[in-house]
Amino acid sequence: MAESGSRGIGRVGVIGAGQMGNGIAHVAAAAGLPVVLVDVNAAALDKARATVAKNMDRQVAKGGLTAAEKDAALARIETGTGMQRLADCDIVIEAATEREEVKLSIFRDVCSVLKKEAILASNTSSIPITRLAAATDRPDRFIGMHFMNPVPVMKLVEVIRGIATSEETFEAVASLAWKLGKITAVAQDYPAFIVNRILVPMINEAVQTLQEGVGDIRSIDAAMKLGANHPMGPLELADFIGLDTCLAIMRVLHEGMGDSKYRPSPLLVKYVEAGWLGRKTGRGFYDYSQEPPAPTR
Ligand SMILES: CC(=O)CC(=O)SCCNC(=O)CCNC(=O)[C@H](O)C(C)(C)COP(=O)(O)OP(=O)(O)OC[C@H]1O[C@@H](n2cnc3c(N)ncnc32)[C@H](O)[C@@H]1OP(=O)(O)O
Ligand SMILES: NC(=O)C1=CN([C@@H]2O[C@H](COP(=O)(O)OP(=O)(O)OC[C@H]3O[C@@H](n4cnc5c(N)ncnc54)[C@H](OP(=O)(O)O)[C@@H]3O)[C@@H](O)[C@H]2O)C=CC1
């Protein structure tokens, strides 16, 4: 796709300062855009700023960014807990927890402060864009902008139009993705889009393979890393994504496709019920309090 200018997108808002939100803020600030990062939790904002600084340090060490560029990029990121701060943004990208009721409540709050012409994008991994858009005051300016984890490293952004998304909104978001150094893939608005429709059932099958004792955690991950050349094994990747997010995606697929082949593995449900959500809680299929991390089964 050819670069078509930034199409009026100057100031970028990001809602949710977790692993995806901090990555989106990172790449937008590094591309020279002022960023406002909002979360309900002030501690999450502090942690996000520290994570962005640490990840930019990696880029400085590798020569991808100078120390002065890093300082300037960090200075472009403003943080806060109130939605009011997003009033001047040209686009707001929602990257909060993968729960529909959380996202709908955020959209209600943010639409009341956003300027009329602002675009609202969701980084949802799976929830239908048309359904989310219909709950806002701007279905024509609502779109799916699905970054991959870790955002500063992964090249892809999936762009998903809802049924009412305007061509202008699509072009503006495709152009923004380009400006952030990403390559876009256009996905139709079906449950979990392209990447997660394929990837997360594979992860779910790995958990089922573990539950049935076909292999242990190390064997399953080694099999897929060494036998299929995946950079991470599926259980390691599940911990990296977050087991709550993996389960939420399987539930959207199961409900949205109405097909039992998408049923979540009971063992995945059990890990989430235990609060063992992966790296972000220090424990999932691996225990991250040890170096190297040790399998938990
Ligand atoms: C769930 C969804 O909705 C959609 C999704 O995102 S699905 C998940 C998609 N992501 C994946 O599948 C990731 C699979 N894993 C990988 O590709 C690799 O393991 C990895 C890129 C994460 C790390 O690679 P690695 O070779 O083990 O580590 P390492 O050599 O330390 O890092 C490679 C580069 O990534 C950078 N990096 C690694 N982790 C990073 C992080 N968390 N944040 C920022 N940068 C990071 C490093 O600085 C390094 O940069 P350079 O190439 O400039 O040197
Ligand atoms: N993890 C991944 O690999 C990927 C995830 N995604 C999607 O990105 C989104 C975020 O995922 P991820 O970053 O992993 O999740 P995290 O759990 O790391 O972060 C979510 C953040 O959102 C915050 N939050 C919750 N409710 C609100 C609210 N009402 N207003 C503002 N912030 C809120 C959470 O705060 P608190 O902790 O206090 O609840 C937390 O800081 C999800 O939709 C997910 O599906 C997309 C691509 C990849």
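Quick one: net charge around ARG218, please, counting Lys, Arg +1 and Asp, Glu -1 for every other residue with C-beta under 15 Å from its C-beta.
Net local charge, ARG218 excluded: -3.
How much length would be gained if the chain were fully extended between GLU101 and ALA135, taking 0.36 nm per residue of separation minus their Cα-Cα distance, in nm to one decimal?
Extra length from GLU101 to ALA135 when fully extended: 11.2 nm.
Can you sort THR169, THR81 so the residue with the fewest Cβ neighbours within 10 Å comes first?
Ascending Cβ contact count within 10 Å gives the list THR81, THR169.
Please compute the Cα-Cα pair-distance distribution of the chain with 10 Å bins starting at 0, giving whole percents from short to long.
With 10 Å bins starting at 0, P(r) equals 6, 27, 35, 24, 8, 0.
Could you give me the percent of Cα pairs per 10 Å distance bin for the stretch 1-102, shortest bin first, beginning at zero and ending with the bin that holds the maximum distance?
Pair shares across the bins are 16, 46, 30, 8, 0.
What is the stretch 157-222 by shape, rounded, prolate or oblate, if you read a ≥ b ≥ c off the alpha carbon gyration tensor as root eigenvalues and call it rounded for a/c under 1.5, prolate for a/b larger than b/c, and oblate otherwise?
Taking the square roots of the gyration eigenvalues as a ≥ b ≥ c, the stretch 157-222 is oblate.
Using the Cα centre of the chain as the reference point, and only Cβ charges (+1 on K/R, -1 on D/E), how large is the resulting charge dipole? Debye, rounded to the nearest 20.
Using only the charged Cβ atoms, the result is roughly 300 debye.
Given the pairs LYS155/LYS270; LYS115/LYS179; LYS62/LYS179; LYS116/LYS179; LYS54/LYS280, which span a C-alpha to C-alpha distance of over 25 angstrom in this model?
Violating the 25 Å Cα-Cα cut-off are LYS155/LYS270.
Per residue, what volume in Å³ does the convex hull of the Cα atoms of the stretch 177-297 enclose?
It comes to 129 Å³ per residue, whole-number rounded.
Remind me, relative contact order of the stretch 197-295 in percent, using alpha carbon pairs under 8 angstrom and six or more residues apart?
For the stretch 197-295, the relative contact order is 27 percent.
Given the rule -39500 (n - 2.57) for each run of at least 4 DSSP H residues, summed and divided by the residues of the chain, what is its mean residue ellipticity at 222 nm, to the nearest 500 deg cm²/dmol?
Per the formula, -14000 deg cm²/dmol.
Between VAL195 and ARG85, how many nm apart are label points set 7 Å from Cα along the C-beta direction?
Placing both labels 7 Å beyond Cα along the Cβ direction yields 2.6 nm.
If you filter the stretch 73-123 for GluC sites (Glu not before Pro), then keep DSSP loop positions with at most 12 other Cβ within 10 Å, what is left?
In loop regions of the stretch 73-123 (DSSP not H, G, I, E or B), the sparsely surrounded GluC sites (Glu not before Pro) are GLU117.
Name the shape class, rounded, prolate or oblate, that the alpha-carbon gyration tensor gives for the stretch 12-187, where a ≥ b ≥ c are the square roots of its eigenvalues, rounded holds for a/c under 1.5, and otherwise prolate holds if a/b is larger than b/c and oblate otherwise.
Judged from the Cα gyration tensor, the stretch 12-187 comes out prolate (a/c at least 1.5, a/b above b/c).
FYI, it's all coordinate maths here, none of it is from the lab. None of these values were measured; they are calculated from a predicted model. Heads up, the Cβs are rebuilt from the backbone with ideal geometry, glycines too, and the neighbour counts pull from every protein chain shown.
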